[in-house]
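A short worksheet on the structure shown next.
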Amino acid sequence: MIWHRLCAVAKLSEGEPVGFKVSDRRIALYKVGDDVFATDDVCSHAFALLSTGFLEGHVIECPLHGAMFDVRDGKCQSSAYKDIKAFKVEIRDGDVYVELDGDAALQAAGHGGVDVKP
């Protein structure tokens, strides 16, 4: 397992995705209620950053293509586009860590978030 620190939890705001670049991978973080989720930041259709998209509840909408993905598991909400990867998230001492191993991509809904309540 390779965990990467991305930012302090305090940097995240409800409904405002934040993008990060770790090596050659782009990751988006989303705060939904008291949970934090992480997915690939690039739309599966063509290059567009999901962190600049529109988050409503657990769904991020691509700002260019309108594709919609569930941030909990990366599943595309329509059959027109491929799913994106969702990653495990941990909060350690007020910081957000994301596991980026290839094995870290989540396959089941609801397993990507972590509660950020103190």
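The values are calculated or read from the model by the stated rules, or taken from the named source; none is laboratory data. Bear in mind the structure is a predicted one, so any value in this text is a computation, not a measurement. Cβ placement follows ideal geometry from the backbone for every residue including glycine, while neighbour counts extend to all protein chains displayed. In case anyone asks, the SASA skips ligands and DNA or RNA and just uses the protein heavy atoms, side chains included. Shrake-Rupley method; radii C 1.70, N 1.55, O 1.52, S 1.80 Å.
If I ignore ligands, DNA and RNA and count only protein heavy atoms, how much of HIS4 is accessible to a 1.4 Å probe, in Å² to the nearest 10?
Spelled out: HIS4, probe radius 1.4 Å, area about 60 Å².
Given the options LEU64, LEU100, LEU49, state which has the largest fluctuation in a GNM of the chain using a 10 Å cut-off (strictly under) for Cα springs.
Per the Cα network of the chain with a 10 Å cutoff, LEU64 tops the list.
Tally Lys and Arg at +1 and Asp and Glu at -1 over the other residues with C-beta under 10 Å from the C-beta of LEU55: what net charge comes out?
-3
If the rule is a partner Cβ under 4.7 Å, which cysteines in the chain fail it?
By the Cβ distance rule, which asks for a partner under 4.7 Å, the isolated cysteines are CYS7, CYS76.
For region 23-99, place one equal point scatterer on every Cα, skip the solvent, and apply the Debye formula. What is log10 of I(q)/I(0) at q = 0.18, 0.26 Å⁻¹?
For the requested q values the scattering log ratios are -0.65, -1.26.
Would you calculate the separation in nanometres between label points at GLU56 and TRP3, each defined as 7 Å from the Cα along the Cα-to-beta-carbon direction?
With each label placed 7 Å out from Cα toward Cβ, I get 3.5 nm.
For the chain, which whole percent of the accessible surface, found with a 1.4 angstrom probe, sits on carbon and sulfur atoms?
The computed percentage sits at 47.
What is the magnitude of the charge dipole of the chain about its Cα centre, with +1 placed on the Cβ of each Lys and Arg, -1 on the Cβ of each Asp and Glu, and no other charges, expressed in debye to the nearest 20?
220 debye
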